[in-house]
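Chemist: Got a structure for you, questions after.
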Amino acid sequence: MGTYTDVLLVTANVGSLFDNVGEIQNKWLQELYKTIHSHKPQFVALHFQEVGGKDYMVNMGHAESFFWTIESSEEMKDFDRVCIYVDNQFQAEDSFTALGSMYFIHKTLKNIYQYDFNVKDFKAVSGQNRHVGSLDGVTTLEKEKFPKNFWPDFKWSRKGFTRTRWIIHNQGLDLVNVHLFHDASNLIACNSSPSVYSANRKNALRYVINRISDSRYTPLPFFVFGDFNFRLDTLSLVQHLSTSADVQTVKKDSSNEVAKIICEEKDNDHQVLLHIEEKLFAYLHQAIFREDNGRALLKYDKEVAAFDDVVTEEDIKFPPSYPYSEEYTKPTQYMNTRCPAWCDRILMSHTGQEFIHRGDDGEKSVVYDTVGPNVCMGDHKPVFLSLSLKTNDH
């Protein structure tokens with residue numbers, strides 16, 4: 001007889017919470033709790049990226065209190081087991097990923113085991129398990145930072161992944177927290193299709209998937225969720241947005257390097273339709289990214305397609321998750337720094353998707369959406385997947 005376990009997976013790039021300490025955290029947490037409350041999961045997995053923010057040397061001190069605030073909150077009191085992992089060792093340049101993960105198990109959920117990668121065996125989960133530091137000696141977690149040669153011309157970044165492995169009611173699965181490389185320059189992102197950044201991400205994600213599927217441990221169904229930094233195919237998108245415009249490329253005086261791209265409407269007094277610089281992407285009709293959840297742009301979201309052989313994803317029915325304004329009065333406005341994109345994703349192996357219970361109308365269905373769509377959550381809206389996992393009661 002099969003049973004179902006209600007699971008909630010959440011991914012959130014929390015850099016904004018640390019770089020604007022205190023300003024948006026309360027509202028942010030309320031939205032998280034609201035999501036948990038409305039889906040009533042028995043197992044919650046929270047994957048955080050950019051813990052400590054860009055200014056992590058100054059702000060990492062707030063990390064433990066952020067995790068403690070969630071763990072000790074009234075909203076989480078019925079989760080009697082918790083496993084927390086926070087990589088806050090920014091002094092350790094070769095291994096620092098700024099990743100943090102929290103796993104909550106509801107008191108109604110029995111038969112939960114976690115894998116110990118050291119002894120290669122599962123152990124029952126009990127109590128509160130907190131691991132804060134470099135995480136190097138932690139045996140229930142695998143952590144890896146991407147090797148330097150993955151992006152040789154870039155200053156040392158905090159990108160990498162962690163993996164934990166679980167058994168829920170006799171069903172084993174891997175949960176992987178990942179942070180892939182971002183786009184450094186909008187101008188370079190426009191140069192080719194796919195862009196050089198897209199290629200870097202592809203290499204890194206292929207590495208992660210190969211790594212968690214290799215023969216060191218028996219491969220299991222997996223969910224990989226985090227900030228993939230997937231971007232729209234910028235070259236095709238810019239061509240599409242500027243079809244009826246005059247496109248000017250402005251060079252830097254001294255060199256042949258492009259300083260900016262400006263698209264002006266041919267009629268209409270040469271109004272600037274699109275203005276692109278290294279860290280500027282200003283499009284006149286920003287609503288296109290929000291209307292109908294940005295659906296017209298999904299065809300430019302191509303990066304995940306390269307992995308159709310190994311992963312799949314629920315249909316996206318929410319607007320691009322990044323880059324939102326960090327002003328709390330503009331919760332649905334995008335910043336003009338980058339082209340909006342679906343950076344934050346929850347992907348799963350094909351075997352993982354097979355374990356999702358698709359109920360009849362009356363039952364809980366699968367929900368893939370953003371947390372806090374109408375509240376300022378920082379530059380990334382967290383993304384969640386609520387599902388029922390088919391599990392085996394033997």
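The values are calculated or read from the model by the stated rules, or taken from the named source; none is laboratory data. As the structure is a computational prediction, the values presented were derived from the model and not from experiment. All Cβ positions, even for glycine, are placed from backbone atoms using ideal geometry, and neighbour counts span all protein chains on display. With ligands, DNA and RNA removed, areas are computed over all heavy atoms of the protein, side chains included. Shrake-Rupley method; radii C 1.70, N 1.55, O 1.52, S 1.80 Å.
Chemist: What single numbered condition from (1) out of contact with any Lys or Arg (no Cβ under 8 Å at 6 or more places or on another chain); (2) open to solvent by 10 Å² or more (accessible area, probe 1.4 Å); (3) not aliphatic (A, V, I, L, M) fails to hold for residue 49?
Modeler: Among (1) out of contact with any Lys or Arg (no Cβ under 8 Å at 6 or more places or on another chain); (2) open to solvent by 10 Å² or more (accessible area, probe 1.4 Å); (3) not aliphatic (A, V, I, L, M), residue 49 violates only (2).
Chemist: Could you tell me whether segment 147-159 includes any residue that is acidic (Asp, Glu) and open to solvent by less than 50 Å² (accessible area, probe 1.4 Å)?
Modeler: No, segment 147-159 has no match at all.
Chemist: Among what's in segment 61-90 and is in contact with a helix residue (DSSP H, G or I) (Cβ under 8 Å, 6 or more places away or on another chain) and part of a strand (DSSP E or B), pick the residue that is surrounded by the most Cβ atoms within 10 Å (Cβ to Cβ).
Modeler: So, considering only residues that are in contact with a helix residue (DSSP H, G or I) (Cβ under 8 Å, 6 or more places away or on another chain) and part of a strand (DSSP E or B), the one surrounded by the most Cβ atoms within 10 Å (Cβ to Cβ) is 86.
Chemist: Further question on the same structure: Determine if segment 324-344 includes at least one residue that is modelled with pLDDT of 95 or more, farther than 20 Å from residue 280 by Cα and in a strand (DSSP E or B).
Modeler: Yes, there is a match, as at least one residue in segment 324-344 is modelled with pLDDT of 95 or more, farther than 20 Å from residue 280 by Cα and in a strand (DSSP E or B).
Chemist: Residues of segment 255-290 being over 18 Å from residue 335 (Cβ atoms) and without any contact (Cβ under 8 Å) to a residue 12 or more places away in the chain, which ones?
Modeler: Passing the criteria: 255, 256, 257, 267, 268, 269.
Chemist: Condition first: open to solvent by less than 20 Å² (accessible area, probe 1.4 Å) and in contact (Cβ under 8 Å) with a residue 60 or more places away in the chain. Now tell me which residues in segment 341-356 satisfy that.
Modeler: Selection gives 341, 342, 343, 344, 345, 346, 347, 348, 349, 352.
Chemist: (1) open to solvent by less than 60 Å² (accessible area, probe 1.4 Å); (2) closer than 30 Å to residue 149 by Cα; (3) part of a loop (DSSP other than H, G, I, E, B): which one isn't true of residue 109, the others all being true?
Modeler: Going through (1) open to solvent by less than 60 Å² (accessible area, probe 1.4 Å); (2) closer than 30 Å to residue 149 by Cα; (3) part of a loop (DSSP other than H, G, I, E, B) one by one, residue 109 breaks only (2).
Chemist: Here is a further query. Looking at 10, 58, which is the one that is buried (at least 21 other Cβ atoms within 10 Å of the Cβ) and not basic (Lys, Arg)?
Modeler: 10
Chemist: Here is a follow-up. Pick from segment 70-93 the residues that are closer than 24 Å to residue 31 by Cβ and without any contact (Cβ under 8 Å) to a residue 24 or more places away in the chain: which of them is nearest to the chain's Cα centre (by Cα)?
Modeler: 72
Chemist: Then there's this: Does segment 260-291 hold any residues that are among the acidic types (Asp, Glu) and either under 19 Å from residue 183 (Cα atoms) or surrounded by 12 or more Cβ atoms within 10 Å (Cβ to Cβ) (or both), and which are they?
Modeler: 264, 265, 277, 278, 291
Conditions tested, residue by residue: (1) at pLDDT below 95; (2) in contact with a Gly (Cβ under 8 Å, 6 or more places away or on another chain); (3) in a helix (DSSP H, G or I).
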residue: 347; (1), (2), (3): no, no, no
residue: 360; (1), (2), (3): yes, no, no
residue: 373; (1), (2), (3): no, no, no
residue: 376; (1), (2), (3): no, no, no
residue: 379; (1), (2), (3): no, yes, no
residue: 384; (1), (2), (3): no, no, no
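Chemist: Within segment 3-43, which residues are more than 16 Å from residue 364 (Cα to Cα) and not in a helix (DSSP H, G or I)?
Modeler: Answer for segment 3-43, where residues must be more than 16 Å from residue 364 (Cα to Cα) and not in a helix (DSSP H, G or I): 10, 11, 12, 13, 14, 20, 21, 22, 23, 24.
Chemist: Are any residues in segment 192-226 more than 11 Å from residue 303 (Cβ to Cβ), open to solvent by less than 20 Å² (accessible area, probe 1.4 Å) and in a loop (DSSP other than H, G, I, E, B), and if so, which ones?
Modeler: Correct list: 221 only.
Chemist: Pairs, please: C-beta under 6 Å, at least 6 apart or cross-chain, first residue under 23 Å from residue 99 (Cα atoms) and in segment 164-185, second open to solvent by 10 Å² or more (accessible area, probe 1.4 Å) and among the polar types (S, T, N, Q)?
Modeler: Correct list of pairs: 166/114; 181/200.
Chemist: Restricting to segment 186-211, give me the number of residues that are free of Cβ contacts under 8 Å to residues at least 60 places away in the same chain, more than 25 Å from residue 381 (Cα to Cα) and under 20 Å from the mean Cα position of the chain (by Cα).
Modeler: 2
Chemist: Would you be able to say whether some residue in segment 202-213 is of a type outside the set (Asp, Glu) and under 20 Å from residue 278 (Cα atoms)?
Modeler: no
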